[in-house]
Amino acid sequence: MSQSHAATAPSAAPLQPAASSYAVAATRALIIGIVGLVITGIGFFAAGDAQAFALSYLAGLSFWIAISIGILIWILIHHIFDASWSVTLRRLFEQWLPNFKWLALLFLPLVIVSWIKPGAIWPWMDLSTPLHGGHGTVGDDILYQKKSGFLNREWFTGAYVVFFAAWIWLSARVRKASFTQDRDGDARWTFSNRVTAAFGIPIMALSLTFASIYWFKSLEYHWFSTMYGVWFFADCARGALSIGVLMMLWLYRNGGYKGILNNNHLHSIGQLMLAFTVFWAYIAFSQYFLIWNANVPEETFWYNLRELNADGSTNQWWWVGLVLLFGYFLAPFLYLLSYRNKIIHERIRFISIWILALMLVDLCYNILPAIKGGRGDPHAFISTNLIWVLSTVAGVGGLCAWTFLRNLPAQKLIPIRDPRIVECLTHHE
Amino acid sequence: MSATTQPHGIIATFEKTPDLMRAATLVRDAGYKFWDCITPFPVHGLDAAMGVRRSRVPRISLVGGIIGFCTGMSMIWYMNAYDYKLIVGGKPFFSPLFAFPVSYELTILFTAFATIIGMFVLNRLPMHYHPVLKYDQIHRGLDDRFFIVIETRDPKFDPAATRALLAQAGGVDIIELAE
């Protein structure tokens, strides 16, 4: 028997508990963030290979960009479906959104480098970059020429500006409506957010797809896969759900969510985590399977690079691929089938951290093999590059958590005047 | 009522949802096993008040899924790599890769079958007759009344004590139901 029905009206629940515990945690997050960014900064000078460092930074930064995109999409999906169970979670997600400005700022160096030293990060930006195997340069390459209308620095830069502007703008809209409703209780803010969601979701779908193509897929611009945007979406969605679980459990332990969070909220978010585990597997498998089945060299090289060295020996990425298959799909899939694993706090916290860790590995799998050594073999997964990935994840994550924790006390902890707040607090299977 | 047939149980009527919830908690805590609530609509939280455990259907579903997956894999292996060896598109006779989509579909199909069948079996469906249907007021349970039925086969059942418990729980029109 569960205690899932205990959450009736939480009359005594503090709507804004002691802000000091947030301040302590925020300071801690800021310290982690600064230390991480300082280590990354050291890497900037210490790393021998500029592209290796830049792509490690990109992988670490993308981890948080993906989570933030996922968070924004979940808010929009919440509104479009007029969902009730996720009203309280939505407020936590809203408080995460101001991070887009930091992420835009942290992405800016990559754009600047693209103009100062074109080709240093994305090889196609410099037409004189030689192709591997002595096939001339990027500029001579018919496959580049045909794609140059899309793959050029001006469009790349424009996309960076437009995408981040769109994410920041949509975030500001949903936040403003939600916070104003806290004060005036007007239902029209709910309707206004539904309209934002209706046009926001296509904007998110397009922007995240093209962002993933520009930032990751274009690193090997010969390659093509129609699954790529959906793959990135799956990572965004899974990362955001996992972070959502960690936020809710942290607030529960800290006291703010006592009487607010019940087992059914965790069960619902756990079900979504399970669904998106299957979704990720579905698209990742489909991408692999279609390429394997068609067996066309233009496509298979992308996976060959992630399995074999030029001399035919198995490289580390082969093992990374298997870790993703069993660790990012099979293990969380079997784990999340269980009801108890979804509602016992320690267990769902464990799988959330697990999924986040494997999501980082998935991003590395997609980005880092583009760093190639002398014979065209990718750098190994376990190498100094991984240090810069991890330091960036810690640095950017600390900064994002700091923003989140500083924002929390500024507004009500739950949207107390949302029309569906009572339904949410008494959420039942 | 003849002395040879044992009655099905005792039924009590409740007017409001909170009355039913409170009564269900009392009956649960008194340790009864064979009893049920009849309500005109789903009452959230009633399963907890009754002490009903989570459904066992998911376990049956899991078994169905595993059987489906294995069926898909072994079927394709048997057909293409054993019974009638066939090369398709230069691929191996058998690979889990091309067997996967079919296995995956069969996993879903067999899970769905197992879930439906499991639900029917555990609920003993289809059930065309139930003793409570003989109660002339039972139609109110589809409309504006709540009932609790405690069956005589319950080891804790005692005609006087059970009746007293239901009365104490706030039940009215406490009546013995024929089998």
Worksheet item: Where does each of A:421, A:121 land when they are ranked from fewest to most other beta-carbon atoms within 10 angstrom?
Response: A:421, A:121
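In debye, nearest 20: dipole of chain B around its Cα centre with unit charges on the Cβ of K, R (+) and D, E (-)? Can you show the working numbers first?
Details: 17 positive and 16 negative charges, 137 e Å.
The dipole of chain B has a size of about 660 debye.
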Practice prompt. Quick one: compute the contact order of chain A, relative version, from alpha carbon pairs under 8 angstrom and 6+ residues apart, as a percent.
Written response: 36 percent
Discussion item. Highest mean first, how do A:161-167, A:149-155, A:362-368, A:105-111 rank when packing is the count of other Cβ atoms within 10 Å averaged over residues?
Written reply: A:362-368, A:161-167, A:105-111, A:149-155
Worksheet entry | Rounded to 10°, Cα long-axis angle of helix A:87-96 versus longest principal axis of chain A | 50 degrees
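Classify the stretch A:19-161 as rounded, prolate or oblate from the Cα gyration tensor: take a ≥ b ≥ c as the square roots of its eigenvalues, call it rounded if a/c is under 1.5, otherwise prolate when a/b beats b/c and oblate if not.
Numbers: a/c = 3.42, a/b = 1.62, b/c = 2.11.
Oblate is the answer for the stretch A:19-161, as a/c is 1.5 or above yet b/c matches or exceeds a/b.
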Discussion item. As a test of the formula, what do you get for chain A when each DSSP H run with n ≥ 4 contributes -39,500 (n - 2.57) and the sum is divided by the residue count, at 222 nm and rounded to the nearest 500 deg cm²/dmol?
Written reply: -23000 deg cm²/dmol
Response to the item:
Placing +1 on each Lys and Arg Cβ and -1 on each Asp and Glu Cβ in chain A, then taking the dipole about the Cα centre, the residue among A:345, A:224, A:70 whose Cα reaches farthest towards the positive end is A:345
Item to complete: Let me know the Kirkwood hydrodynamic radius for the stretch B:1-99, please, with Cα pairs as the basis and the value in Å to one decimal.
Response: 19.0 Å
Fill in: Cα-based helix-to-principal-axis angle, B:57-77 vs chain B, degrees rounded to 10
20 degrees
Fill in: Rh (Kirkwood; distinct C-alpha pairs) - chain A, Å
22.6 Å
Worksheet item: What is the helix-to-structure angle for A:19-46, meaning the angle in degrees between its Cα long axis and the longest Cα principal axis of chain A, kept from 0 to 90 and rounded to the nearest 10?
Response: 0 degrees
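Using only alpha-carbon positions, what ratio does the radius of gyration of the stretch B:57-122 give when scaled by 2.2 N^0.38 Å? The partial results should precede the final answer.
Details: Rg = 14.3 Å, N = 66, 2.2 N^0.38 = 10.8 Å.
Working it through for the stretch B:57-122, the quotient is 1.33.
Cα gyration tensor of chain B, axes a ≥ b ≥ c as square roots of the eigenvalues: rounded (a/c below 1.5), prolate (a/b > b/c) or oblate?
Note, shape of chain B comes out prolate.
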Worksheet entry | Ranked A:423, B:179, criterion: other C-beta atoms within 10 Å, fewest first | B:179, A:423
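To the nearest whole number, what is the average tally of beta carbon atoms from other chains within 10 Å of the beta carbons of peptide B:89-100? Don't jump to the answer; show the numbers that get you there.
Details: counts 3, 1, 3, 0, 0, 0, 2, 0, 5, 3, 0, 3.
Partner Cβ neighbours, averaged per residue: 2.
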Worksheet item: Which of rounded, prolate, oblate describes the stretch A:180-265, given a ≥ b ≥ c as roots of the alpha-carbon gyration tensor eigenvalues and a/c under 1.5 marking rounded, otherwise prolate only if a/b is larger than b/c?
Response: oblate
Discussion item. Please arrange A:265, B:139, B:128 by how many other C-beta atoms lie within 10 Å of their C-beta, fewest to most.
Written reply: B:128, B:139, A:265
Item to complete: Give me the lysines in straight-line cross-link reach of residue A:258: C-alpha distance below 25 Å, same-chain residues under 8 apart excluded.
Response: A:342, A:412
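The numbers here are math on the coordinates, done by the rules we state, and not lab data. This one's a predicted model, so the numbers in the text were calculated from it and none came from an experiment. Please note: Cβ atoms are built from the backbone with ideal geometry, for glycine as well, and neighbour counts cover all protein chains shown.
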